[in-house]
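The values are calculated or read from the model by the stated rules, or taken from the named source; none is laboratory data. All values derive from a computational prediction rather than experimental measurement. All Cβ positions, even for glycine, are placed from backbone atoms using ideal geometry, and neighbour counts span all protein chains on display. These accessible areas exclude ligands, DNA and RNA; they are computed on the full protein's heavy atoms, side chains included. Shrake-Rupley method; radii C 1.70, N 1.55, O 1.52, S 1.80 Å.
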Amino acid sequence: LTTVLGLPEETVIGVDTTLLGRLPKPSEEAHWQETAVLSSPVLQQMKLIIKQSEYNERIAKAERLPSVALFAGDKLDGPITINKNLNYWYVGIGLKFDIASTFKSGKKIRLARLSTRRAQENDLLLQENVRTEVKAAYIRFYEAFTICDTQKKSLELAAQNYSVVNNRYLNDLALITDMLDASNSKLNAELQLVNAQINILFNLYKLKKTAGCL
């Protein structure tokens, strides 16, 4: 982990042993879909591509517009007569229009507009893909709770069976092999429940990653 995360070798990574005691509650799918729209890196990157395409389209259209320039200055002439000089102050506006750009920019505008439309269509496709991925991740997350509930019930049954067999064994009504079988079943049910709880956390983090908030 220290190598993957780029941490110093002497770093000690602790395990939060309280996680299984405070499992999350299943939330609505709509919450995760909204989070993905706002946080998904893929969708955010596509939004930037659309903005860049729209900007390029505006630049292409601007080439058809005339350019305006302001100028100002002064000029000193003299002497006109003895000890007489003339100082001119002037200010003006210049307008420049490239007729050739009217013909040349048409192709650029069409290409820029096409690029913008393609980016918008890709954005819609990506949104659909992200929604599908979030839905699939949410289904796995929700199913993890169902599996966990099933394992809890299995543990209850295994614990009840262990208690019955233990009482019978203490009263010489069961063999040691029966006791071992009941103990192993109870232990296996406990392990399966822990695995189911871990599976909830695992699918929660996968859901967060899919939604772009991890």
*In nm, give the distance between the simple-model label positions of residue 149 and residue 127, each being 7 Å from the Cα along the Cα-to-Cβ direction.*
3.4
_Sites residue 58 and residue 190, calculated FRET efficiency, Cβ-Cβ separation with R0 45 Å, nearest 0.05_ = 0.10
*Describe numerically, in nm with one decimal, the distance between label points set 7 Å from Cα along Cα→Cβ at residue 164 and at residue 17.*
3.5
_Amide proton proximity set for residue 174, modelled H, under 5 Å, gap of 5+_ = 169
*Determine the per residue accessible area of the range 140-205 with all protein chains present and a 1.4 angstrom probe, expressed in square angstrom.*
66
_Residue-level accessible surface for residue 162, protein heavy atoms, 1.4 Å, Å²_ = 70
_Note, ³J(HN,Hα) from phi for the range 194-204, Karplus 6.51, -1.76, 1.60, rounded to Hz, x at Gly and Pro_ = 4, 4, 5, 5, 5, 4, 4, 5, 4, 6, 5
*Using a 1.4 Å probe and ignoring any ligands, DNA or RNA, find the accessible area of residue 168 and quote it in Å² to the nearest 10.*
120
